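In what follows, a single structure is set out as structure tokens and then discussed.
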Amino acid sequence: MLTGLVRQPEVAGAPAPEQVHLQFGADASGQVAVSWAAPAAVARPRLRFGQAGGQAGTSVDADERRYTDALTGETVWTYHAEAGSLEPDTPYGYEVLHDGAAPVAGTFRTAPRGRSGPFRFTSFGDHAIPAPVGDGSGPHSPNAGYVVTAVERLDPLFHLVNGDLCYANASDQPVATWTSYLSTISRSASHRPWMPVPGNHENESGNGPQGYLPFQTRFSLPGNGTPAFRGNWYAFTAGSVRFLALNNDDVCLQDGGFSGVRRDNVPGYRAGGIDPYISGYSGGRQRRWLERELAAASQDDDIDWIVVFMHQVAMSSAHFNGADLGIRQQWLPLFDAYGVDLVLSGHEHHFERSHPVRAVLPGSALLTPAPVAANRGRPDVVTAGVDTRFGTVHITIGGGGHPYRVPARRLHGPDEGIVVAGAGPGSPFAQRKSDLQTEPNVWSAYRDTDNAFGFASFDVVPAERGGTTSITVTYRAAADGSRDYKERDRVVLRKPVRVAQRPGSRPALTRQAR
Ligand SMILES: [Fe+2]
Ligand SMILES: [Fe+2]
């Protein structure tokens with residue numbers, strides 16, 4: 001732990017920092033943001049940090065952000081401070097504090113730079129909270145607590161949260177729901193960044209134009225050039241991997257943000273013209289940002305892997321929400337054109353992994369993604385692994401803790417996928433019905449039909465003997481109510497490191513494979 005910090009005299013009376021959690025900046029090897037909350041405004045909020053075991057501490061003032069919840073009228077105070085100019089692959093200690101309260105301590109480790117060393121990250125979506133708050137109408141399950149312990153056991157460098165964090169929009173006590181969620185993850189997220197994307201249940205009607213104000217207020221995420229949409233989409237680099245976080249509510253056709261609780265209880269909902277259906281809200285800004293980011297990453301000699309994480313899915317065998325045609329129309333052509341390697345999502349409350357896919361089945365009106373033919377035997381393909389130069393692997397990891405258990409309740413036959421092809425007329429006062437259509441799920445490689453809950457770990461090896469790089473994906477699942485997360489699926493993604501290829505070979509391969 002950090003030593004040598006000069007402690008201020010403590011003054012009784014101020015509430016203690018709580019819900020402490022970390023985020024990486026755009027460069028995970030050198031930037032970490034520390035965020036926390038307090039139940040009232042505090043004086044001189046600040047962060048002190050230094051290398052673990054070091055003698056000197058650096059102090060940084062924190063910014064205050066607040067909002068007042070439209071449903072309950074409660075005001076939420078959050079504090080954010082950024083630690084920059086950090087050394088790569090280095091452990092740090094920190095304390096967050098303000099006048100009149102004892103500091104709260106934590107630790108973090110920065111990412112390795114470039115191809116200098118391996119690292120692990122973990123991911124799941126659809127978390128919910130471990131115990132009921134308010135009238136208990138928001139989703140909760142014991143596994144929402146157990147999964148945090150299971151992640152901690154693997155000691156990842158960071159964790160990706162694939163949307164639907166705590167379902168505050170479904171609760172009569174949204175602020176208490178957030179407090180429960182962040183208090184639950186803090187025992188992990190105060191020691192490693194948890195990097196979230198907003199899902200449809202982060203849309204809290206009345207809290208900001210798209211309902212994302214509570215999410216945006218609580219997290220300090222890399223900028224995307226549009227301050228009003230900060231945190232909704234962003235990018236960061238860890239090692240030789242470029243991570244792109246997307247907000248799919250911008251492109252989805254389905255009406256996922258509607259909440260009867262908020263329609264009936266947010267003062268002024270009916271009179272105020274609040275509309276939870278926000279498809280297209282960025283006016284194309286997010287798509288233009290994504291294309292710029294993908295173009296840059298695909299030309300960057302220091303980047304071997306492009307990993308997208310988002311909430312709603314491009315493919316699904318679960319008859320729950322369904323895959324969304326809007327994602328296929330707007331995102332998948334870009335993923336193909338720029339060679340995205342891996343896409344992680346949630347929303348469907350189960351685990352499903354696709355074959356590598358590229359382009360669509362000939363003549364498919366639903367734009368059904370086409371699985372790339374088995375790679376074996378192709379001379380330009382690395383053996384002993386899925387070579388993602390030829391197709392993008394999609395993995396749905398939606399069993400974080402929401403108690404709506406898809407495997408037990410909503411799986412159809414083994415060969416069927418379901419797609420949201422449109423949404424009915426609806427209004428701000430009634431959820432638009434999805435137009436659901438079926439397709440052959442020729443893209444599906446594996447799904448867990450037995451376990452309700454699970455998460456995945458990703459071991460990145462940036463430089464292997466023979467000039468390859470790999471990501472080993474391991475899915476671990478637990479039965480309902482069980483703390484025992486057992487390995488259920490494993491796949492290795494492998495391809496040549498970019499610097500080992502001839503100049504320009506990657507775009508050429510990508511084009512050939514389409
Ligand atoms: Fe969900
Ligand atoms: Fe969702």
**Number of the condition not met by Y146 [criteria: (1) within 20 Å of D480 (Cβ to Cβ); (2) within 14 Å of ligand 1 (Cβ to nearest atom)]** = (2)
**Message:** Among the residues in the stretch 159-173, are any within 19 Å of A33 (Cα to Cα), more than 16 Å from ligand 2 (Cβ to nearest atom) and not aromatic (F, W, Y)?
**Reply:** yes
**Item:** Of the criteria (1) out of contact with any Pro (no Cβ under 9 Å at 6 or more places or on another chain); (2) at pLDDT below 95, which one S35 fails
**Value:** (2)
**Message:** I'd like to check something: does the stretch 347-367 contain any residue that is more than 16 Å from ligand 1 (Cβ to nearest atom), at pLDDT 95 or above, surrounded by fewer than 24 Cβ atoms within 10 Å (Cβ to Cβ) and among the polar types (S, T, N, Q)?
**Reply:** yes
**Prompt:** Inside the stretch 1-26, can you point out the residues that are among the polar types (S, T, N, Q) and modelled with pLDDT under 50?
**Reply:** T3, Q8
**Request:** Working only within the stretch 127-149, note down all residues that are crowded, with 22+ Cβ neighbours inside 10 Å and out of contact with any Cys (no Cβ under 9 Å at 6 or more places or on another chain).
**Result:** V133, H140, S141, N143, V147, V148
**Asked** Would a scan of the stretch 148-158 turn up a residue that is free of Cβ contacts under 8 Å to residues at least 24 places away in the same chain and assigned to a helix (DSSP H, G or I)?
**Response** yes
**Prompt:** Got at least one residue in the stretch 252-261 being within 30 Å of S444 (Cβ to Cβ), of a type in the set (V, I, T) and modelled with pLDDT of 95 or more?
**Reply:** no
**Asked** How many residues does the stretch 163-190 hold that are within 14 Å of ligand 1 (Cβ to nearest atom) and within 22 Å of Y277 (Cα to Cα)?
**Response** 9
**Complete:** Apart from one, (1) of a type outside the set (A, V, I, L, M, F, W, C); (2) surrounded by fewer than 22 Cβ atoms within 10 Å (Cβ to Cβ); (3) within 30 Å of A296 (Cα to Cα) all hold for S186; the odd one out is (3)
**Item:** Answer residue from the stretch 96-128, given it is within 16 Å of ligand 1 (Cβ to nearest atom) and outside any loop (DSSP other than H, G, I, E, B) and is nearest to V473 (Cα to Cα) among those
**Value:** S123
**Request:** Take the residues in the stretch 61-71 that are crowded, with 16+ Cβ neighbours inside 10 Å and out of contact with any Ser or Thr (no Cβ under 6 Å at 6 or more places or on another chain), then tell me which one is nearest to V34 (Cα to Cα).
**Result:** A62
**Asked** Where residues in the stretch 307-341 are within 16 Å of ligand 1 (Cβ to nearest atom) and surrounded by fewer than 22 Cβ atoms within 10 Å (Cβ to Cβ), which of them is modelled with the highest pLDDT?
**Response** F320
**Request:** Would you check which residues across the stretch 191-207 are under 21 Å from A245 (Cβ atoms), of a type in the set (S, T, N, Q) and away from ligand 1 (no atom under 16 Å from the Cβ) and list them?
**Result:** N207
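The values are calculated or read from the model by the stated rules, or taken from the named source; none is laboratory data. Everything quoted here is computed from the prediction, not taken from an experiment. Note that each Cβ is placed from the backbone with ideal geometry, even for glycine, and that neighbours are counted across all protein chains shown.
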